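Here the structure comes first, spelled out in structure tokens, and everything after it is commentary.
The values are calculated or read from the model by the stated rules, or taken from the named source; none is laboratory data. What you see is a predicted model, and the numbers here were worked out from it, not measured in a lab. A quick note on method: Cβ atoms are made from the backbone with ideal geometry, for glycine too, and the neighbour counts reach across all protein chains shown.
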Amino acid sequence: MPVVRLWHGRVPIERADEYEEFLVRRAVPDYSSVDGLRKIYFTRRDEGDLAHFLLITLWDSLDSMRRFAGGDPEIAKYYPEDDRYLLEKEERVSVYRVFYEGTGD
């Protein structure tokens, strides 16, 4: 069964639109280059003076996730440009095993 990887980051609201564009321009091609990636959802929630970003990716297996993230798929992966936007860099991501996949029917 597939696995889901969840990454969370916080950005000052005044940099949020720029960070959103950066993620689409820089991160999407990087994620998409890895064999085994099934789906990408990059989400954003604005909350006062902060924007929360939740990146949700669905992978074929832990092995495909490792090809993206490195040896430990629960260690967060960052780009040098992230320092311009993120208030902090969370060390770990959350990884979940999918035990059911469907359309809700």
| In segment 69-82, the residues that are in a helix (DSSP H, G or I) and at pLDDT below 95 | 69
| in contact (Cβ under 8 Å) with a residue 60 or more places away in the chain and either in contact with a Leu (Cβ under 9 Å, 6 or more places away or on another chain) or in a loop (DSSP other than H, G, I, E, B) (or both), is that true of residue 23? | no
| request: Would you confirm whether any residue within segment 2-17 is assigned to a loop (DSSP other than H, G, I, E, B) and free of Cβ contacts under 8 Å to residues at least 12 places away in the same chain? | output: no
| If you go through segment 9-29 one residue at a time, how many are within 15 Å of residue 93 (Cβ to Cβ) and surrounded by fewer than 14 Cβ atoms within 10 Å (Cβ to Cβ)? | 0
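Yes/no matrix, rows are residues, columns are (1) free of Cβ contacts under 8 Å to residues at least 60 places away in the same chain; (2) within 13 Å of the chain's Cα centre (by Cα); (3) within 12 Å of residue 5 (Cα to Cα):
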site	(1), (2), (3)
28	yes, yes, no
37	yes, yes, yes
53	yes, yes, no
56	yes, yes, yes
61	yes, no, yes
65	no, yes, yes
70	yes, no, no
102	yes, no, no
| Does residue 63 count as buried (at least 17 other Cβ atoms within 10 Å of the Cβ) and either aliphatic (A, V, I, L, M) or assigned to a helix (DSSP H, G or I) (or both)? | no
